[in-house]
Amino acid sequence: MTLAPNVYDAEPIPEAARVEIDKLMKSGDLFRYTAPENAPVTLLEQDFATYFGTRYALAVSSCSAALFLSLKALGLKPGARVLIPAFTFAAVPSAVVHAECQPVLCEVGENYRVDIDDFAIKLGLDIDAVIVSHMRGHTSDMDAIMALCDARGIPVVEDAAHSLGTLWDRRKIGTIGRVGCFSFQSYKLVNAGEGGIMVTNDADLVARAVIMSGAYEHNWSKHIAGSDPALDAAFARWQNKLPLYNLRIGNLSAVIIRPQIPEIARRVADGRANHDYVADRLNTSPFLQVPDKLEKEERAPDSIQFNLVGMTDDETRAFSDVAAARGVKVQVFGLSTDNARAFWNWQFITGEVPDLPRTRAMLMRACDVRLPARLNREELDFVAEILVMAAQEVMENTRAYGT
Ligand SMILES: *Cc1c(COP(=O)(O)O)cnc(C)c1O
């Protein structure tokens, strides 16, 4: 019998990183602004701007830092209201609070995507900016979201932390809103332990973000090679006018990230194939349901989410226990008292916990299982079989004893 696969370990870092790490060890040149030009962080920013086809990229210490800087760079005043989905990671409302803004939550449907009707209603409540969080890589209807926000002139920040390689209508996720933010934390597609990057075509926004990220004095001149009059003008405009939050990333992270860029396409393809293979298996069970992707969405998953059908809270707990006992850890987002993706646990937000019955109901039945791109068919079969069997077993017992 196959053993339960380890779904937490990352892939090895490509060998090519070793030579560059060695150079840094010898030179000690770890700070992005020591070298006059072509520091690894600057090259990483060029790589990502090229990959996304955006004019600018700014690498920082985390995706949370990128989200925070995005809000600051948009010039939001303290107390500004930022609309976010009620299903996301606590880092998102935290970035809003960090920027001294007020998070406003909108409903998320049982397919894990923004409920557009509720989004449209909430957008009318004095909203100054939107963060669309593509939670677990699920893309909400970006056509509807952009149309609604553009009509009101409300800027959209994309939290694409978990969406590297995902497409919407053949456009790269992260390039549809005003700015897109990505994460290099170890559970994301590209792994540097920690780190983040933001991409945008907006010269003023990126100039403000670059300075606030910690480009003190004239260090901003080391960011973008070649001449860019719009950017030069923006830097001149903001010199000495902004606080320095020092959310920079170091060269060591950059040399670990860069050789992973050529791996993205394979990780995306394998992750998608693995997900769809397991999804088909789970959908054969009457008790498990994997929601369909939206038509314009091409996914890059490294985990699978599915809903339990017709189970009570006790049966949901029993399902999770049976699967765990057989080696597959299932997280039900809303069941534990500390899950950072359940909005009622974001008690650092001032005011009452909002009433969001659709999102709450979804979180109480939505399961989360990691499914990294490196798993092989045998391992996928193992995971799928345990999940299907655990649901069967729990529901058969229920029927047999009539509880
Ligand atoms: C991981 C994650 C973040 C936070 O990224 P960090 O780089 O750890 O700050 C934010 N949003 C989503 C959807 C994430 O998955």
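Some observations on this one:
- Per-residue HN-Hα couplings for the range 253-267 [Karplus 6.51, -1.76, 1.60; θ = phi - 60°; Hz; x = Gly/Pro]: 4, 4, 6, 7, 7, 4, x, 8, 4, x, 7, 4, 4, 5, 4
- Across the alpha-carbon atoms of the range 298-382, the computed radius of gyration and Dmax are 14.9, 49 angstrom.
- Positive contributions from Lys and Arg (+1) and negative ones from Asp and Glu (-1), summed over other residues with Cβ under 13 Å from the Cβ of residue 322, come out at -3.
- In percent, rounded to a whole number, the relative contact order of the range 300-403 is 42, using alpha-carbon pairs under 8 Å and six or more apart.
- Restricting attention to the chain, close to 60% of DSSP beta bridges with both partner residues there are antiparallel.
- Taking θ as phi - 60° and the Karplus parameters 6.51, -1.76 and 1.60, the scalar couplings of the range 288-296 work out to 10, 9, 9, x, 5, 6, 6, 4, 8 Hz in sequence order, x denoting glycine and proline.
- For residue 101, the amide hydrogen comes within under 5 Å of the amide hydrogens of 79, counting only partners 5 or more places away or on other chains and with H modelled in the peptide plane.
- When you filter the GluC sites (Glu not before Pro) in the range 211-296 for DSSP loop state and at most 13 other Cβ atoms inside 10 Å of their Cβ, you are left with 217, 295.
- Dividing the mean sequence gap of close Cα pairs (under 8 Å, 6+ apart) by how many residues the chain holds gives a relative contact order of 21 percent.
- The trypsin sites (Lys or Arg not before Pro) found in the range 216-277 that occupy coil by DSSP, while having at most 14 further C-beta atoms within 10 Å, are 241.
- P(r) histogram, all alpha-carbon pairs of the range 92-133 included - 10 Å bins from 0, percent: 27, 54, 19, 0
- For the range 237-393, a simple Cβ point-charge model (Lys and Arg +1, Asp and Glu -1, everything else neutral) yields a dipole of about 1000 debye relative to the Cα centre.
- Cα centroid of the range 245-266 to Cα centroid of the range 1-65, whole Å: 2 Å
- Taking a ≥ b ≥ c as the square roots of the Cα gyration tensor eigenvalues, the range 121-182 comes out prolate, since a/c reaches at least 1.5 and a/b is larger than b/c.
- Ranking 46, 278, 397 by Cα position along the charge dipole of the chain, where only Lys, Arg, Asp and Glu carry charges on their C-beta atoms, puts 46 farthest toward the positive end.
- ³J(HN,Hα), Karplus 6.51/-1.76/1.60, whole Hz, each residue of the range 25-34, x for Gly, Pro: 4, 6, 7, x, 7, 9, 8, 5, 9, 6
- Amide H to amide H distances under 5 Å link residue 164 with 189, where only residues 5 or more positions off or on other chains count and H is placed in the peptide plane.
- Considering the chain at the alpha-carbon level, its Rg and Dmax are found to be 22.0, 75 Å.
- The range 173-282: chymotrypsin sites (Phe, Trp or Tyr not before Pro) in DSSP loop, at most 16 other beta carbons within 10 Å: 187, 216
- Put simply, when 298-304, 28-34 are sorted by average Cβ atoms within 10 angstrom per residue, most first, you get 298-304, 28-34.
- Near residue 239, no amide H atom lies under 5 Å from its own; only residues 5 or more places off or on other chains count, and H is placed 1.01 Å from N.
- Within the chain, helix-based [θ] at 222 nm, where runs of 4 or more DSSP H residues each add -39,500 (n - 2.57), nearest 500: -12000 deg cm²/dmol
Coordinate-derived values only; no laboratory data. Keep in mind the model is a prediction, meaning the values are calculated, not measured. For neighbour counting, all protein chains shown are included, and Cβ atoms are generated from backbone atoms with ideal geometry for every residue, glycine included.
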